[in-house]
Amino acid sequence: LEDWIGIMEFDPRNRSPKLKSDSLDITDLPVYKVSYEESVKFIEKIALLTGLSFSLPTEAQWEYAARGGMNHDDFDFAGSNSEFDVGWVDRNSDHVPHPIGSKKANNLGFYDMTGNVSEFCKDCMSQNYYVESRGMLNPCCESGEMHKSKKMIVIRGGSYELWLPEQYIVTRRNRGRVDFQFKSTGFRVAINP
């Protein structure tokens, strides 16, 4: 959240609906209450500032990271068979996001891939997505095209407000509009080679 505020020059916590965490004087929270389109703008800005290439992770990259890489574990959640070890979910979160990295990491060192906030992926949500993409390097259409065609974007990881374990296991797929700000959805940045 601190990086977002510094780069984007606004605090999305000021948006409705108001949550208990919005008034806390802490900025080591994940970003939430932002849209996919805003996430892409943030990534473009950090690329300009650093000279490096960044993007949202594809759904495959996200799952690879959540599962723990090539030598992945067979946990139900990202780093454990107990969602409470690795994630902030409905039954332990008090219905608010929590500071980043306050739960156990998975074996690749990634935190918060189960619960806390759901995360946008680069991919469009489509039943025929893998056939339609045909292995293209950029698996998603441009966000302007998605908006015009009303395509949905993939969201992964579950959040602090989901209460069924099936809703935040690493294989769960959800979707959302590219222009909508979800109160419990943020994003993760991937660096491109």
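The values are calculated or read from the model by the stated rules, or taken from the named source; none is laboratory data. Please read all numbers here as calculations on a predicted model, not as lab measurements. FYI the Cβ positions are ideal-geometry reconstructions off the backbone, even for glycines, and counts take in every protein chain you see. For the accessible areas, the whole protein counts, side chains as well, though only heavy atoms, and no ligand, DNA or RNA atoms are used. Shrake-Rupley method; radii C 1.70, N 1.55, O 1.52, S 1.80 Å.
Sort Met8, Met113 by accessible area with a 1.4 Å probe, largest first.
Sorted descending by solvent-accessible area, the residues read Met8, Met113.
Quick one: which of Lys41/Lys183; Lys20/Lys151; Lys20/Lys104; Lys104/Lys183 span more than 28 angstrom between C-alpha atoms?
Beyond 28 Å: Lys20/Lys151.
Quick check: residue separation of Ser82 and Thr27 times 0.36 nm, minus the Cα distance between them. What number comes out in nm?
17.1 nm
Using per-residue counts of other Cβ atoms within 10 Å, averaged over each peptide, order 13-20, 84-91, 155-162 from highest down.
155-162, 84-91, 13-20
For Met125, enumerate residues with amide H under 5 Å from its amide H, sequence gap 5+ or separate chain, H modeled in the peptide plane.
Those lying under 5 Å, H to H, from Met125 are Met152, Ile153, Val154.
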